[in-house]
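The structure appears right after this line, and notes come after that.
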Amino acid sequence: MDFSALNPVALMVTLMVAATPIMLAALGELVVEKSGVLNLGVEGMMIFGAICGFAVSVDTGSVWLGIIAAMIGGTLLSLTFGFLTQYLLSNQVASGLALTLFGLGLAALVGQSYTGIKPPSFPKLDIPFISDLPVIGPILFSHDFIVYFSFIILGGVWYFLNYTRGGLILRAVGESHDAAHALGYKVVRVRLMAIAFGGACAGLGGAYVSLIRVPQWTEGMTAGAGWIALAIVVFASWKPLRVLLGAWLFGGITILQLNLQALGVEIDVAYLSMAPYLVTIIVLVIMSADSKRASLNAPASLGKAFHASS
Amino acid sequence: MKLMKTILAGAALAVGFSGAALADDPVKVGFVYVGPVGDGGWTYYHDLGRIAVEEAYGDKVETTFVESVPEGADAERVMTQMALSGHKLIFTTSFGYMDPTINVAKKFPNVKFEHATGYKTAPNVSTYSARFYEGRAITGTIAGHMTKTNKIGYIASFPIPEVIRGINSSFLHAKRVNPDVEMKVIWAYTWFDPGKEADATSALLDQGVDVILAHTDSTAPLAKLAEAGGYGFGQAADMIQYAPAPRLSSIIDDWAPYYIARVGAVMDGSWESVSTWHGIPEGMVAIGEFSEVIPEDVRNQVQEMKDGIAAGTYHPFTGPINKQDGSAWLADGEIADDGTLAGMNFYIEGIVGDIPN
């Protein structure tokens with residue numbers, strides 16, 4: 001087998017591109033779940049963000065406005081979920097699934113006149129000399145802005161959850177909303193903010209697919225990325241830094257198998273594609289086997305409705 | 001993920017069909033699609049066929065469709081719902097619906113089924129497909145001429161005869177005009193996933209490929225090529241929005257005349273189980289305009305080939321052709337028979353790699 005033609009640098013660069021949308025969506029969902037809310041509507045928020053970002057970019061010619069629109073779009077959609085689950089106390093699983101369906105349909109409707117259009121191209125970091133350095137130049141210093149932004153969000157979420165008072169409150173709400181309420185924290189408000197953050201992240205991740213990764217608008221184009229993001233949160237056992245690992249694993253295996261095939265390496269694609277899901281299942285089994293560890297990681301109030309009277 | 005979609009699809013169906021019309025008057029025709037109608041490719045053209053049926057028969061017909069139906073057991077539920085809600089004719093438009101179609105058809109002997117690109121029939125199940133390999137001969141010839149690196153790429157979906165025929169036909173014709181050409185095949189294992197299709201395109205470009213033929217359903221490969229450079233073709237649809245480059249030409253599937261004829265047959269009671277396999281001569285496969293980027297002599301050459309196929313004087317699989325292992329398949333001047341083509345499970349000589357199981 002000739003692996004010499006496999007360019008690890010190019011591979012790493014495409015891997016980061018493939019991993020960025022699922023990492024963004026997963027980070028958002030992680031914060032949502034840490035606050036005790038299970039939002040299964042990630043796919044719907046992603047696709048809606050994808051079309052909002054695409055449409056605004058095309059209409060205004062500015063990808064920056066597009067990115068902002070994508071985040072707003074994702075947030076608005078997530079807040080409908082927030083309203084349903086936090087004020088009307090509807091079932092989170094059903095509302096989340098409905099959000100996915102609604103997002104897919106709404107995006108298809110909005111996107112009808114945007115098929116086959118090329119969006120304005122997205123600027124990439126280009127620092128003279130540094131971006132041209134071998135190996136670290138292409139890997140570290142020549143991406144689009146969103147890749148760097150996603151790392152800032154990653155670091156921010158990690159720091160926020162572990163080292164800030166706000167993060168502590170959010171986790172308290174996720175662990176036991178009754179106790180948090182008794183302490184005087186606004187459970188619903190905290191959760192709504194978390195849901196909105198999750199929506200913005202998912203919207204941004206969707207826009208990354210439609211503006212940078214592909215780049216075009218096609219109905220249903222996120223093709224399940226939102227569900228993978230949900231799997232990554234579990235895989236990461238609700239720890240932000242492991243989300244990066246999960247996103248690179250899920251995204252990386254896809255990229256790796258495509259590149260290995262282009263090289264003509266004999267591999268069984270089906271097994272490779274299955275691998276991340278198998279790992280997720282194994283993680284779930286390990287977690288459930290050790291009840292102490294599970295109770296440390298999975299938010300105890302995940303998916304439970306809260307009302308001050310109860 | 002699949003489970004969720006399934007539940008949703010089931011719920012949506014239950015809601016969608018519970019209010020179904022009193023059966024009597026219009027003939028109800030259902031369509032099961034593998035992707036969204038807005039994919040700009042495969043499903044989009046099937047839906048154009050559906051719309052043509054509505055236009056042809058007006059209020060004598062009522063059509064419904066369910067899009068993005070996963071292949072396999074989920075499809076069975078969708079078809080069952082359609083059959084239960086009074087549909088007289090159901091088109092199932094992807095290879096992976098083959099066994100589900102046969103299973104459901106057994107339970108509803110009075111409902112007619114038409115399955116696209118498969119090979120299993122029953123008294124109430126017809127099959128229909130297009131000879132896409134005729135179009136592949138033309139796009140393969142263009143690819144052979146247009147590649148500068150002598151490396152062409154093929155984004156394949158699933159290892160089924162239809163796709164293998166396309167790979168063989170493309171490579172055969174590229175090789176005839178460019179003996180140095182190599183082909184790299186990537187199996188995407190999906191019909192529709194724009195992100196993955198774009199990633200596959202990038203992977204091929206990274207390996208020095210500069211002309212890509214896609215066998216997936218979306219326009220993503222062309223979008224990626226438009227950004228990164230290289231040439232491609234419209235697949236299942238014209239995709240003219242990417243002309244003159246990267247789209248050099250296209251293979252267009254025109255299902256409308258067939259759909260209109262079959263719906264008509266159900267209406268007048270003349271429907272019978274048939275296996276239809278039409279191509280360029282009958283118009284089921286059309287070739288999109290040749291881009292001006294292609295040199296004129298090449299355009300003339302492929303036009304001639306297209307005319308030859310249309311007139312029945314040229315068959316894309318005309319010997320001498322050897323199989324991948326070097327053993328003879330077709331002798332000089334020998335033409336492949338439909339049976340072998342329909343079940344094609346081998347590469348021809350010169351293609352590197354194995355067909356996955």
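The values are calculated or read from the model by the stated rules, or taken from the named source; none is laboratory data. Remember, it's a predicted structure, so these values are computed and weren't measured experimentally. Heads up, the Cβs are rebuilt from the backbone with ideal geometry, glycines too, and the neighbour counts pull from every protein chain shown. These area figures cover heavy atoms from the full protein model, side chains too; ligands, DNA and RNA do not enter into them. Shrake-Rupley method; radii C 1.70, N 1.55, O 1.52, S 1.80 Å.
Taken over the range A:108-125, the criterion of being closer than 26 Å to B:PRO246 by Cβ and within 11 Å of chain B (Cβ to nearest Cβ) is satisfied by A:ALA108, A:GLY111, A:GLN112, A:SER113, A:TYR114, A:THR115, A:GLY116, A:ILE117, A:LYS118, A:PRO119, A:SER121, A:PHE122. Checking each residue in the range B:170-184 for being touching a strand residue (DSSP E or B) at 6+ places or on another chain (Cβ under 7 Å), more than 18 Å from A:LEU258 (Cα to Cα) and either of a type in the set (A, V, I, L, M) or in a loop (DSSP other than H, G, I, E, B) (or both) picks out B:LEU172, B:ALA174, B:VAL181.
Counting just the residues of the range B:323-357 that are within 24 Å of the chain's Cα centre (by Cα) and surrounded by fewer than 10 Cβ atoms within 10 Å (Cβ to Cβ), which one comes out farthest from B:THR313 (Cα to Cα)? Top of the filtered list is B:ASN357. Listed conditions (1) open to solvent by 10 Å² or more (accessible area, probe 1.4 Å); (2) under 27 Å from B:PRO257 (Cα atoms); (3) touching a residue at least 60 places away in the same chain (Cβ under 8 Å) are all met by B:ILE138, apart from (1). In the set (1) without any contact (Cβ under 8 Å) to a residue 40 or more places away in the chain; (2) open to solvent by 30 Å² or more (accessible area, probe 1.4 Å); (3) under 20 Å from the mean Cα position of the chain (by Cα), the condition left unmet by B:TYR44 is number (1).
Of all residues in the range A:249-269, those satisfying the criterion of being within 18 Å of B:GLY195 (Cα to Cα) and not polar (S, T, N, Q) are A:LEU249, A:PHE250, A:GLY251, A:GLY252, A:ILE253, A:ILE255, A:LEU256, A:LEU258, A:LEU260, A:ALA262, A:VAL269. Could you tell me whether the range A:110-119 includes any residue that is open to solvent by less than 40 Å² (accessible area, probe 1.4 Å), closer than 25 Å to A:THR85 by Cβ and over 24 Å from the mean Cα position of the chain (by Cα)? No: zero hits.
Take B:GLU289 and decide whether it is in a loop (DSSP other than H, G, I, E, B), of a type in the set (D, E, K, R), closer than 17 Å to B:LYS306 by Cα and more than 14 Å from chain A (Cβ to nearest Cβ). Taking the combined requirement at face value, the residue satisfies it.
Can you name the residue in the range A:229-246 that is modelled with pLDDT under 90 and assigned to a helix (DSSP H, G or I) and is also nearest to the other protein chains (Cβ to nearest Cβ) among such residues? Top of the filtered list is A:ALA231. Within 19 Å of B:ARG176 (Cβ to Cβ), of a type in the set (Phe, Trp, Tyr) and in contact (Cβ under 8 Å) with a residue 60 or more places away in the chain - does that describe any residue in the range B:307-325? The answer is yes; a qualifying residue exists. Name the residues in the range A:18-66 that are under 19 Å from A:LYS124 (Cβ atoms) and surrounded by fewer than 24 Cβ atoms within 10 Å (Cβ to Cβ), would you? Those that are under 19 Å from A:LYS124 (Cβ atoms) and surrounded by fewer than 24 Cβ atoms within 10 Å (Cβ to Cβ): A:GLY61, A:SER62, A:TRP64, A:LEU65.
I need a count of the residues in the range A:241-251 that are touching a Leu at 6+ places or on another chain (Cβ under 9 Å) and either acidic (Asp, Glu) or open to solvent by 10 Å² or more (accessible area, probe 1.4 Å) (or both).
3
Would you confirm, using the coordinates I've provided, whether B:GLY353 is outside the structural domain of B:ILE138 (by TED's automatic domain parsing), under 30 Å from A:LEU260 (Cα atoms), in contact (Cβ under 8 Å) with a residue 60 or more places away in the chain and of a type outside the set (A, V, I, L, M)? For B:GLY353, the condition - outside the structural domain of B:ILE138 (by TED's automatic domain parsing), under 30 Å from A:LEU260 (Cα atoms), in contact (Cβ under 8 Å) with a residue 60 or more places away in the chain and of a type outside the set (A, V, I, L, M) - is met. Quick one: which of B:TYR97, B:TYR119 is of a type in the set (Ser, Thr, Tyr) and open to solvent by 20 Å² or more (accessible area, probe 1.4 Å)? Testing whether each residue is of a type in the set (Ser, Thr, Tyr) and open to solvent by 20 Å² or more (accessible area, probe 1.4 Å) leaves just B:TYR119.
The sole residue among B:ALA214, B:ALA228 that is open to solvent by 40 Å² or more (accessible area, probe 1.4 Å) and either within 25 Å of B:PHE192 (Cβ to Cβ) or at pLDDT 95 or above (or both) is B:ALA228. Of all residues in the range A:154-180, those satisfying the criterion of being buried (at least 20 other Cβ atoms within 10 Å of the Cβ) and of a type in the set (Val, Ile, Thr) are A:VAL157, A:VAL173. Restrict the check to the range B:233-246 and report whether at least one residue is out of contact with any helix residue (DSSP H, G or I) (no Cβ under 8 Å at 6 or more places or on another chain), at the interface with another protein chain (Cβ under 9 Å from one of its Cβ atoms), farther than 23 Å from A:ASN259 by Cα and open to solvent by 10 Å² or more (accessible area, probe 1.4 Å). Among the residues of the range B:233-246, at least one is out of contact with any helix residue (DSSP H, G or I) (no Cβ under 8 Å at 6 or more places or on another chain), at the interface with another protein chain (Cβ under 9 Å from one of its Cβ atoms), farther than 23 Å from A:ASN259 by Cα and open to solvent by 10 Å² or more (accessible area, probe 1.4 Å), which makes the answer yes.
State whether one or more residues within the range A:126-146 are in contact (Cβ under 8 Å) with a residue 12 or more places away in the chain, within 14 Å of chain B (Cβ to nearest Cβ) and of a type in the set (Asp, Glu). There is at least one residue in the range A:126-146 that is in contact (Cβ under 8 Å) with a residue 12 or more places away in the chain, within 14 Å of chain B (Cβ to nearest Cβ) and of a type in the set (Asp, Glu). For the condition in a helix (DSSP H, G or I) and more than 12 Å from every other protein chain (Cβ to nearest Cβ), what is the one hit in A:LEU161, A:LEU97? Going through A:LEU161, A:LEU97 in turn, just one is in a helix (DSSP H, G or I) and more than 12 Å from every other protein chain (Cβ to nearest Cβ): A:LEU161.
Please pick out the residue among B:ILE212, B:ILE155, B:ILE167 that is within 14 Å of chain A (Cβ to nearest Cβ) and part of a helix (DSSP H, G or I). Working first, answer last.
Values: B:ILE212 fails: part of a helix (DSSP H, G or I); B:ILE155 fails: part of a helix (DSSP H, G or I).
Result of the check over B:ILE212, B:ILE155, B:ILE167: B:ILE167.
Is it the case that B:ILE280 is farther than 21 Å from B:GLY234 by Cβ and buried (at least 18 other Cβ atoms within 10 Å of the Cβ)? For B:ILE280, the condition - farther than 21 Å from B:GLY234 by Cβ and buried (at least 18 other Cβ atoms within 10 Å of the Cβ) - is not met. Of A:LEU192, A:LEU183, A:LEU211, A:LEU256, which residue is within 14 Å of chain B (Cβ to nearest Cβ), hydrophobic (A, V, I, L, M, F, W, C) and open to solvent by 10 Å² or more (accessible area, probe 1.4 Å)? Checking each option against the conditions leaves just A:LEU256.
If you take the residues of the range B:185-204 that are of a type in the set (Ser, Thr, Tyr) and not in a loop (DSSP other than H, G, I, E, B), which of them is nearest to the other protein chains (Cβ to nearest Cβ)?
Going through the qualifying residues, I end up with B:SER202.
Number of residues in the range A:259-290 that are in a loop (DSSP other than H, G, I, E, B) and open to solvent by less than 80 Å² (accessible area, probe 1.4 Å): the value is 4. If you check B:SER202 against the conditions, is it open to solvent by 10 Å² or more (accessible area, probe 1.4 Å) and without any contact (Cβ under 8 Å) to a residue 60 or more places away in the chain? Here the answer is yes, as B:SER202 does meet what is asked.
In this structure, is B:MET344 out of contact with any strand residue (DSSP E or B) (no Cβ under 6 Å at 6 or more places or on another chain) and in contact (Cβ under 8 Å) with a residue 24 or more places away in the chain? So B:MET344 passes the test.
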